[in-house]
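Trainee: I'd like to ask you about the structure that follows.
No value in this document is a laboratory result; all are computed from the given coordinates. All values reported here derive from a predicted model rather than from experimental measurement. Note that we place each Cβ from the backbone using ideal geometry, even for glycine, and neighbour counts take in every protein chain shown.
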């Protein structure tokens, strides 16, 4: 049985490697948009075409009835230019990571060693820093967690000399057990660059959250917000801890290690809500400016900068269940897989859109005593106050 993709630029035969696979798996394998095609088939022993459906049937089952299947797309776009591009692999010694880049008429499968990953990251950070006037006497607070992103951040910030080591105040928030396992990794990174690491412990974080309960704030959150991931309160706790240290050091500048996929996921989430992306690569929350110098660096490349530490970090993670987080992150991960290179175009477009979103994005809520990006429903307000121990 022949399977033919009939495009307006020409017909293409799909190569079948497994006759037991379903038709839809063959489409996915060949990156054919199966929700935008119609199927016609030529039955065995006949020359007339019939329209067929059911993507889930196996190829071996279909071969009993049809000698040819034709895939008719509903657009006249040049599919060949997108899904039939050659992939050229660049081989190197001791690769620890790899990434597929778009290069006009071909894809470059770039194998990368540790030095390649670090150099790529350093260039992206330098491009970011070159757009900013940096005061050499200003203290800059850098969030570090022992994860792949922040592990790479300090070295990249110091590489070009725009920021001095005595300016950096590395800070790690403690209190979430799985996250706390990254403390030794964070210490190793800070020691490597002769940077002192300051930790903000569980008790101080509880104070910053204005939490008054008897149990740990983590246990209380998991009990009251049963369906939420700990990242929800964890990211708030990190921000409060970093702001606390910044204020203590008369600084208004905080750097975070959000990577390309983080920013894409956040932007997708905002678009699904019908809202502009939050400002990046710099955003202002209250009195503080948050910098995101890694916003153009894929996580896979960041992990390649310190591969053993990154692998250790992944073994300490716990599962995430909230679809509100899962969907935008999955979209951000799949973007580069479906169409390599489009992730960089998207983040650039989102960045331009985010600059239209500068007017009082974060508003202070006097009732909850915190900055919000949107109104919170009454039920959530009551649950938050219950968590804090106010009611």
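Trainee: Could you check which residue among 75, 185, 110 shows the biggest mean-square fluctuation in a GNM of the chain with a 10 Å Cα cutoff?
Mentor: Between 75, 185, 110, it is 75 that shows the largest mean-square fluctuation.
Trainee: In Å and whole numbers, how far do the C-alpha atoms of the range 108-194 stretch along each principal axis, longest first?
Mentor: Largest to smallest, the principal-axis extents are 41, 37, 19 Å.
Trainee: On to the next question. Please express the shape of the range 202-307 as an equivalent ellipsoid: the semi-axes are the square roots of 5 times the eigenvalues of the C-alpha gyration tensor, given largest first in whole angstrom.
Mentor: For the range 202-307, the ellipsoid semi-axes come out as 26, 19, 16 Å.
Trainee: Note the full-extension length gain between residue 54 and residue 31 as 0.36 nm times their separation in residues minus their Cα-Cα distance, in nm to one decimal. Numbers along the way, then the final one.
Mentor: Working: separation 23, 0.36 × 23 = 8.28 nm, distance 1.80 nm.
Result for the pair: 6.5 nm of gain on full extension.
Trainee: In a solvent-free Debye calculation with one equal scatterer on each Cα, what is log10 I(q)/I(0) for the range 250-319 at q = 0.27 Å⁻¹, listed in the order of the q values?
Mentor: The Cα Debye sum returns log10 ratios of -1.12.
Trainee: Now for a different question. If you take every DSSP beta bridge whose two residues both sit in the range 114-388, what share of them, in percent to the nearest 5, is antiparallel? Display every interim value, and only then the final one.
Mentor: Values: 7 of 20 bridges.
Restricted to the range 114-388, the bridges split so that about 35 percent are antiparallel.
Trainee: How big is the range 1-138 by Rg and Dmax over its Cα atoms, in Å?
Mentor: In Å, with Rg to one decimal and Dmax whole: 22.8, 83.
Trainee: Expressed as cubic angstrom per residue, what is the convex hull volume of the alpha carbon set of the chain?
Mentor: Details: hull volume 69.4 nm³, N = 391.
Residue-normalised Cα hull volume stands at 178 Å³.
Trainee: Separate question: For the range 1-120, give me the percentage of DSSP beta bridges that are antiparallel, rounded to the nearest 5 percent. Kindly include the intermediate steps, with their values, before the conclusion.
Mentor: Working: 22 of 30 bridges.
If I count the DSSP bridges inside the range 1-120, around 75 percent turn out antiparallel.
Trainee: Still on this structure, I have one more. How many percent of the alpha carbon pairs in the range 252-391 exceed a separation of 19 Å? Present the calculation step by step, with values, prior to reporting the outcome.
Mentor: Numbers: 6022 of 9730 pairs.
Summing the P(r) tail past 19 Å for the range 252-391 gives 62 percent.
Trainee: Moving on. For a protection proxy built on the mean count of beta-carbon atoms within 10 angstrom, sort 132-138, 337-343, 151-157 highest first, please.
Mentor: On the way: 132-138: 10.4, 337-343: 15.7, 151-157: 25.0.
Per-residue mean Cβ counts within 10 Å order the peptides as 151-157, 337-343, 132-138.
Trainee: With Rg and the Kirkwood Rh both taken from Cα atoms, where does Rg over Rh land for the range 72-151?
Mentor: Values: Rg = 19.3 Å, Rh = 16.6 Å.
Across the range 72-151, the Cα-based Rg/Rh ratio is 1.16.
Trainee: Taking the Cα atoms only, what angle lies between the long axis of helix 323-338 and the longest principal axis of the chain, rounded to 10 degrees?
Mentor: 60 degrees
Trainee: Could you state the angle between the C-alpha long axis of helix 114-129 and the longest principal axis of the C-alpha atoms of the chain, as a value from 0 to 90 degrees rounded to the nearest 10?
Mentor: So the inclination is approximately 70 degrees.
Trainee: If you don't mind, another one. Gap in Å between the Cα centre of the range 91-114 and the Cα centre of the range 341-391?
Mentor: Taking the Cα centre of the range 91-114 as reference, the centre of the range 341-391 is 37 Å away.
Trainee: Calculated from DSSP H runs of 4 or more alone, at -39500 (n - 2.57) each and per residue, what is the 222 nm mean residue ellipticity of the chain, nearest 500? Please list the in-between numbers first.
Mentor: Values: 16 runs with 162 residues, N = 391.
About -12000 deg cm²/dmol.
Trainee: Given labels modelled 7 Å from the Cα in the Cβ direction, how far is it in nm from residue 363 to residue 314?
Mentor: 4.2 nm
Trainee: log10 I(q)/I(0), Debye, Cα-only the range 2-80, no solvent, q = 0.16, 0.20, 0.23 Å⁻¹?
Mentor: Debye curve over Cα of the range 2-80, log10 I(q)/I(0) at q = 0.16, 0.20, 0.23 Å⁻¹: -0.55, -0.87, -1.16.
Trainee: Among rounded, prolate and oblate, which fits the range 219-259 when a ≥ b ≥ c are the square roots of the eigenvalues of its C-alpha gyration tensor, a/c under 1.5 means rounded, and a/b larger than b/c means prolate? Before the final figure, lay out the partial values.
Mentor: Numbers: a/c = 5.70, a/b = 2.10, b/c = 2.72.
Because a/c hits 1.5 or more and a/b fails to exceed b/c, the range 219-259 counts as oblate.
Trainee: Right, another one. Kindly express, to the nearest 10 degrees and within the range 0 to 90, the angle between helix 342-354's C-alpha long axis and the longest C-alpha principal axis of the chain.
Mentor: Between helix and principal axis, roughly 50 degrees.
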